[in-house]
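Computed from the coordinates by the stated procedures, all read-outs in this text should not be read as laboratory data. Model, not experiment: these values are computed from the prediction. Here the Cβ positions follow ideal geometry from the backbone for every residue, glycine too, while neighbour counts run over all protein chains shown.
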Amino acid sequence: MYIMAGMTMSVPVGRVTVPSTKLVVAAAATVASSRSCINSLSNNHNVSASCSSASSSGSLASSAMSGTKLSLASLVRAPMAKPVGRAGGEISAMTVTIPQKLRGADLNGAPKEKHSQAVHSLSPEKRELFNSLEDWAESTLLPYLKPVDKCWQPQDYLPDPSSEGFMDEVKELQERAAGLPDDYLVCLVGDMITEEALPTYQSMLNTLHGTRDETGASPSPWGIWTRAWTAEENRHGDLLNKYLYLTGRVDMRQIEKTIQYLIGSGMDPQTESNPYLGFVYTSFQERATFISHGNTARHAKNFGDAKLATVCGLIAADEKRHENAYSKIVEKLFELDPEGAMLAFAEMMRKKISMPAHLMYDGQNEQLFDDYSLVAQRTGVYTARDYADIMEHLVNRWNVASVQGLSSEAQKAQEYVCSLPPRIRKLDERAQAKVKKGPKAGSFSWIFNREFTLL
């Protein structure tokens, strides 16, 4: 068991509030009017740290899973739950909930997670499962990484400061960027800020029991993957940051403050130190960033900046490759432990996928992410339908509907995840039909507070 200083063994959690589902890439799953179709998670629960029977996956299946009544909340509700037993044998696991009040003060007013946080260790059996996967990870997972010499580098797509024509190249870049609309720039900045918060994502991966980098330089395949994945992702923020800087159209100091606030706030995607939950999350998230960067690439081309389109396309290709790797891990879990994998998939979808930049803050706008989400939705960079499409993609990729031999609880989880995508789409359509028509204006410090239409 892992217990943090000040943690209690039994705490009343009170109302559990999960941040609103966000548009990706940061990004989100919907505009304010339709956000409820994958949001509004709040329940009263008392959660105690206790030794109890647990799912052999180490995942926590919500008791709400048995509900079949269709409602906005029932599609996404994620109550904190104790570990539960499963057919085929019982194992012991420990869950500890960290109450909000023990987590310290805000960092200079920056947002922080509102839900109570939970961590738990895997059972010995599950740790052994992941230990047994090291050879598999080396032969299957690591090939998704590229040798450094074969990777593109940011400088390949930026003006060369050592060349005599540097200033001319910058001028050419700025002339192309002059045709980019402000709403597109906001989406591009949001993408970049999300990529720049990379230290948070590596920290998240290193919370996962059984796969984390135990020393910071572990020779295990899991440790190698985490470090090399981070190194590849690091190029994304570097390239977008420098590109936007050279355009001369954005307020870099405000952007840099936003990045610092975001990294300082951290992120708890409610994966609870559980690699089953963690790799469902990363599979979804990498798919989402692939879609978002792909859309910014298409928009850049339409706006006449072919080189920026290439930049965004390169990043999207990396995200796709990383998505395939993480999806392979969950695919393997469905092969070896279909019960545990099914419960984990359903649990993460009940909690909803909170996006990495949902705590973004620029020191001025406390609703920064919500405003950003509206822009991403309106411009089509990432939408509520994309959220549903990703779910459907993963259901199909992992052949979820055809998994057999499940307990009654896991069968209910199977029915839930398979039925969720069309429900989200239908609820989003209803929400959009009720949206009050008319422009909603706003401004972003990232672009010198220039005002434009958010929705």
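Please go through the residue pairs Lys114/Lys352; Lys171/Lys242; Lys242/Lys307; Lys332/Lys352; Lys114/Lys426; Lys257/Lys351 and name each one whose alpha carbons sit more than 18 Å apart in this structure. Write out the running numbers ahead of the final one.
Details: Lys114/Lys352 15 Å; Lys171/Lys242 14 Å; Lys242/Lys307 14 Å; Lys332/Lys352 22 Å; Lys114/Lys426 29 Å; Lys257/Lys351 30 Å.
Cα-Cα > 18 Å for Lys332/Lys352; Lys114/Lys426; Lys257/Lys351; rest within.
Going highest first, how would you order 143-149, 307-313, 287-293, 380-386 by mean Cβ packing within 10 Å? Mind dumping the intermediate values first?
Numbers: 143-149: 11.3, 307-313: 20.1, 287-293: 26.7, 380-386: 24.4.
Highest mean packing first, the order is 287-293, 380-386, 307-313, 143-149.
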- Query: Once phi is turned into θ = phi - 60°, what whole-Hz ³J(HN,Hα) does the Karplus curve with 6.51, -1.76 and 1.60 give for every residue of the stretch 159-174, x standing for Gly and Pro?
  - Reply: x, 8, x, 8, 8, 5, x, 4, 5, 5, 5, 5, 4, 5, 4, 5
- List, largest first, the extents of the alpha carbons of the stretch 150-287 along their principal axes, each in whole Å. 52, 32, 25
